[in-house]
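Presented below is the structure to which this report refers.
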There are 2 protein chains.
Amino acid sequence: MTYCVAVKLEQGLIFASDSRTHAGVDNYATFCKMTVFERVGDRVIVMLSSGGLAGTQAVISVLRQRIDAGVENLFNAPSMFEVANRVADAMRHIDRRDTPHMGDRPFNASFILGGQIKGRPMQLFRIYAEGNFIEAGTETPFLQTGEAKYGKPIIDRVITPSTSLADGIKCLLISFDSTLRSNLSVGMPIDLLCYERDSLRANLRHRFEAGDAHFNAIREQWNAGTRRVFKELPELRWSA
Amino acid sequence: MTYCVAVKLEQGLIFASDSRTHAGVDNYATFCKMTVFERVGDRVIVMLSSGGLAGTQAVISVLRQRIDAGVENLFNAPSMFEVANRVADAMRHIDRRDTPHMGDRPFNASFILGGQIKGRPMQLFRIYAEGNFIEAGTETPFLQTGEAKYGKPIIDRVITPSTSLADGIKCLLISFDSTLRSNLSVGMPIDLLCYERDSLRANLRHRFEAGDAHFNAIREQWNAGTRRVFKELPELRWSA
């Protein structure tokens with residue numbers, strides 16, 4: 001399983017992904033599910049991967065190959081919309097190549113894709129395995145893939161477009177904490193990237209390894225604080 | 001969709017269920033999903049229903065019919081384990097009768113079942129549509145059906161067997177609040193039943209209609225309180 005989430009705030013974009021992959025419960029591994037295409041001062045493009053690792057890695061490799069080949073690629077796309085189209089093209093290429101050989105486990109890679117190109121607005125997409133995609137808006141400024149439900153209530157409660165980047169980061173960490181508690185197949189480390197609007201560079205990155213002091217402080221304070229709030233809630237009075 | 005949850009605490013059992021049913025998004029209705037079989041001083045048996053309404057109602061009707069007929073039934077079962085077996089028998093009866101006529105939407109009723117018979121321990125079960133069942137224990141003292149994920153983190157954080165009934169009720173109401181916020185197809189009113197161990201009566205019941213003052217107080221205080229805790233969490237410091 002996987003948990004990936006990204007939010008689009010007025011101040012910027014925040015991306016977070018877990019890093020557990022498995023082929024059955026007896027074969028776990030750690031892979032970074034966050035890929036960054038960056039050309040400082042021109043564009044930052046971030047992809048979070050869900051689905052079979054062979055599929056997601058193949059798509060990323062095709063995207064890199066196309067950059068090296070100098071053909072239509074992520075670095076010469078004129079807009080984030082066109083970036084999303086080119087990712088979809090790469091996904092369909094891999095789907096056509098692999099699925100006929102894969103029996104009842106067809107290509108199932110999907111991506112959260114976001115970023116900014118110089119002079120253009122930030123955009124955030126979720127690209128389905130079929131290659132079609134949706135874009136985050138002001139009513140729903142976040143997108144999730146994988147084990148999304150456990151971590152959704154806190155985002156629903158806290159995130160609006162005017163939320164600060166610092167608060168957005170806190171919220172995603174709590175969202176991960178809730179998910180990690182309830183689903184063993186989502187695992188640390190957690191990769192976090194915070195993109196400041198119009199900065200056109202991806203320098204704010206942190207990997208939260210198991211035992212990370214900041215993550216532990218957040219989860220402990222949240223746990224103690226919510227228990228305190230809980231204790232103070234009114235008790236139900238039964239009418240006779 | 002449905003959300004039903006029950007917890008088994010040292011002090012007693014708590015049951016809660018939503019009451020929304022629908023056949024497509026354009027055909028909503030309200031039905032109580034909580035059924036109580038009570039003989040004061042002898043036994044209290046509570047069932048929470050999930051799955052197609054025709055199936056769950058048919059099972060309940062068969063159980064009532066068997067009581068009226070004086071054959072093996074819930075009121076003469078010697079143990080809660082045997083009660084669970086008799087519910088499973090009724091489910092399989094309806095499954096055999098209906099499924100051959102139902103195309104690709106076979107019998108899918110499932111139940112949370114709990115209660116106590118005089119002189120015996122309280123027990124709490126989840127009975128799957130196939131009629132097999134699991135029992136809640138001290139490590140996992142709660143069982144959920146339907147839209148379970150949104151409301152699970154708060155239960156994971158708060159509930160242990162020694163939690164008081166008053167705190168257990170608060171926790172289930174917050175669990176419902178989280179679920180209602182994230183899934184429109186779970187709807188109020190919420191039916192709540194609190195069974196005090198060895199009381200052998202089911203007199204603590206409350207229906208939370210939309211706009212219920214206590215439910216609103218809980219959700220508002222919880223929302224304000226968690227936001228306050230959130231604000232006080234430490235911000236991430238980026239290392240250069």
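List of remarks:
- Considering residues of segment B:214-237 that are of a type in the set (A, V, I, L, M, F, W, C) and more than 20 Å from the chain's Cα centre (by Cα) only, the residue farthest from the other protein chains (Cβ to nearest Cβ): B:Ala224
- 2 or more residues under 12 Å from B:Phe111 (Cα atoms) and of a type in the set (A, V, I, L, M, F, W, C): qualifying strands (runs of 3 or more DSSP E) within segment B:23-83: B:43-50
- Annotation note: of B:Thr138, B:Thr99, the sole residue that is free of Cβ contacts under 8 Å to residues at least 60 places away in the same chain, under 19 Å from B:Lys8 (Cβ atoms), outside any strand (DSSP E or B) and of a type in the set (Val, Ile, Thr) is B:Thr138.
- Among residues of segment B:191-213 that are in contact (Cβ under 8 Å) with a residue 24 or more places away in the chain and more than 11 Å from chain A (Cβ to nearest Cβ), those with a beta-carbon under 8 Å from a residue that is part of a loop (DSSP other than H, G, I, E, B) and β-branched (Val, Ile, Thr) at least six positions away or on a different chain give the pairs B:Leu200/B:Val40; B:Arg201/B:Val40.
- Within segment A:106-144, restricting attention to residues that are at pLDDT 95 or above and of a type in the set (Val, Ile, Thr), the residue that is surrounded by the most Cβ atoms within 10 Å (Cβ to Cβ) is A:Ile112.
- Criterion: buried (at least 22 other Cβ atoms within 10 Å of the Cβ) and either within 17 Å of the chain's Cα centre (by Cα) or at pLDDT 95 or above (or both) - qualifying residue of A:Val62, A:Val44, A:Val71: A:Val44
- Top-ranked residue in segment B:149-169 [being crowded, with 21+ Cβ neighbours inside 10 Å and among the small types (Gly, Ala, Ser); ranked as modelled with the lowest pLDDT]: B:Gly151
- Which numbered condition B:Val5 fails, given (1) in a loop (DSSP other than H, G, I, E, B); (2) at pLDDT 80 or above; (3) among the β-branched types (Val, Ile, Thr): (1)
- Here B:Leu192 meets each of (1) crowded, with 16+ Cβ neighbours inside 10 Å; (2) in a helix (DSSP H, G or I) with one exception, condition (2).
- The lone criterion from (1) at negative phi; (2) away from chain B (no Cβ under 11 Å) left unmet by A:Gly146 is number (1).
- Residue check, A:Phe107 over 27 Å from B:Asp177 (Cβ atoms) and either within 13 Å of the chain's Cα centre (by Cα) or not charged (D, E, K, R) (or both): yes
- All positions within segment A:149-167 that are assigned to a loop (DSSP other than H, G, I, E, B), at the interface with chain B (Cβ under 7 Å from one of its Cβ atoms) and without any contact (Cβ under 8 Å) to a residue 24 or more places away in the chain: A:Lys149
- Total residues in segment A:168-186, condition within 11 Å of chain B (Cβ to nearest Cβ) and either hydroxyl-bearing (Ser, Thr, Tyr) or not in a helix (DSSP H, G or I) (or both): 5
- Looking only at residues in segment B:211-240 that are assigned to a helix (DSSP H, G or I) and among the acidic types (Asp, Glu), the one that is nearest to A:Lys170 (Cα to Cα) is B:Glu232.
- Verdict on A:Met34 being under 28 Å from A:Ser182 (Cβ atoms) and of a type in the set (A, V, I, L, M): yes
The values are calculated or read from the model by the stated rules, or taken from the named source; none is laboratory data. Everything numeric here is computed off the predicted structure, so don't read it as measured data. All Cβ positions, glycine included, derive from the backbone under ideal geometry; neighbour counts span all protein chains shown.
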